[in-house]
Amino acid sequence: MRFFFAIIALLLTFPAHAEVKAYDAMLDGYTYPFHVRHFSFESQRQPLKMAYMRIRGDDAKPTVLLLHGKNFGGAYWGDTAMQLSQKGYNVVIPDQIGFGKSSKPAHYQFSFPQLVNNTTALLDELQVGKVIVVGHSMGGMLATRFALMHPERTAKLILINPIGLEDYLSHVAYRDAQDWYASELKQTPEAIVEYQKKYYYDNQWKPEYEQWTLPLQGWLLGKDKERVAWNAALTYDMIFSEPVVQDFPLLKVPTRLIIGTRDRTAPGQAFQKDRDTYEMGRYDRLGDEAAKQIPNAKLRTLDGLGHVPQLENFDAFWPVFEAFLTD
């Protein structure tokens, strides 16, 4: 019954043609598919709040930690979390600091190890030990760093179209955070949709995808636009400055990759170095290359799907994901 009402709430929350509303830094007024709590802690000499959703399942089932991408918060994991809940899994879905309904600090040294520490502190607060770590997009880089730092707490690592399968600074000219900040301030709602349409979905866009861009669009209209833009700029720097691809051979946990091969996402692609002929964002090649570098890795490709296969075709995504949970 709880599962049924969660589905109804999600459908009512996200109509296919939703109105763009202004949001503050903490996304007040934007509804998530499950109840949102906040974990209060201190980091880098300041109080912060980390938003999270927790779904309790069977005690005998493991906990699945779902880590979001850069242009998302935890809400887009709704269908995945609902299905996990129906199967009895325990689920934890945090919004990282700087994202979603979590704090947007005026000053913060963002790094993947710092976000790992924040996430570990949340798990400790919830008295959650070992987890199946699932990361999508930027969350894949974070999930990889989590598994490298805490192999003893990582039952399995599942990466869904992660960015970081290539070292971007090998091909892209470095941009200062101030440059990224200026770019973020120039964003428009139309440009946000066009970017995701082109790179995430290879121009195979459906109106219902726009619902997942509403927080990004709403922040542009909100009173905290500058604060949110600065956080976004700092996290870009983290992505470019802290590659994980070189550390793939060091992974000591069972690792599974789910790759939508139509994906062409490559952060910084517009700033590729002159005379660099490398073709970035070719997930039809990158998945296989990553699987060869990672010990004990298995790869499943989803042909015809792009950067967010769990949104684009959940019926195709779920059987592969479920099989990896238990293999």
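Some values worked out for this structure:
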read-out	value
Residue ranges of helices (runs of 4 or more DSSP H) in region 154-269 with at least 3 members aromatic (Phe, Trp, Tyr) and within 19 Å of the chain's Cα centre (by Cα)	225-241
For residue 217: the one exception among (1) touching a helix residue (DSSP H, G or I) at 6+ places or on another chain (Cβ under 8 Å); (2) among the polar types (S, T, N, Q); (3) surrounded by fewer than 16 Cβ atoms within 10 Å (Cβ to Cβ)	(3)
Options 79, 124: the member that is more than 15 Å from residue 50 (Cβ to Cβ), acidic (Asp, Glu) and over 13 Å from the mean Cα position of the chain (by Cα)	79
Restricting region 292-306 to residues that are of a type outside the set (Val, Ile, Thr) and part of a loop (DSSP other than H, G, I, E, B), the residue that is nearest to residue 245 (Cα to Cα)	295
Selection status of residue 110, touching a Leu at 6+ places or on another chain (Cβ under 6 Å) and either closer than 30 Å to residue 262 by Cα or at pLDDT 95 or above (or both)	yes
Residue within region 240-263 that is closer than 17 Å to residue 24 by Cα, touching a helix residue (DSSP H, G or I) at 6+ places or on another chain (Cβ under 6 Å) and in contact (Cβ under 8 Å) with a residue 60 or more places away in the chain present	no
Hey, residue 18 modelled with pLDDT of 95 or more, more than 18 Å from residue 142 (Cα to Cα), assigned to a loop (DSSP other than H, G, I, E, B) and not β-branched (Val, Ile, Thr) or not	no
Residue 135 in contact (Cβ under 8 Å) with a residue 60 or more places away in the chain, in a loop (DSSP other than H, G, I, E, B), out of contact with any Gly (no Cβ under 8 Å at 6 or more places or on another chain) and buried (at least 18 other Cβ atoms within 10 Å of the Cβ)	no
Failed item, numbered, when residue 148 is tested on (1) closer than 23 Å to residue 279 by Cα; (2) part of a helix (DSSP H, G or I); (3) of a type outside the set (Phe, Trp, Tyr)	(1)
Matching residues, region 69-95, being surrounded by 24 or more Cβ atoms within 10 Å (Cβ to Cβ) and part of a loop (DSSP other than H, G, I, E, B)	69, 73, 95
Among the residues listed as 289, 322, the single one being part of a helix (DSSP H, G or I), among the acidic types (Asp, Glu) and closer than 17 Å to residue 243 by Cβ	289
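The values are calculated or read from the model by the stated rules, or taken from the named source; none is laboratory data. Computed from a predicted model, the values in this text were never measured in an experiment. Note that each Cβ is placed from the backbone with ideal geometry, even for glycine, and that neighbours are counted across all protein chains shown.
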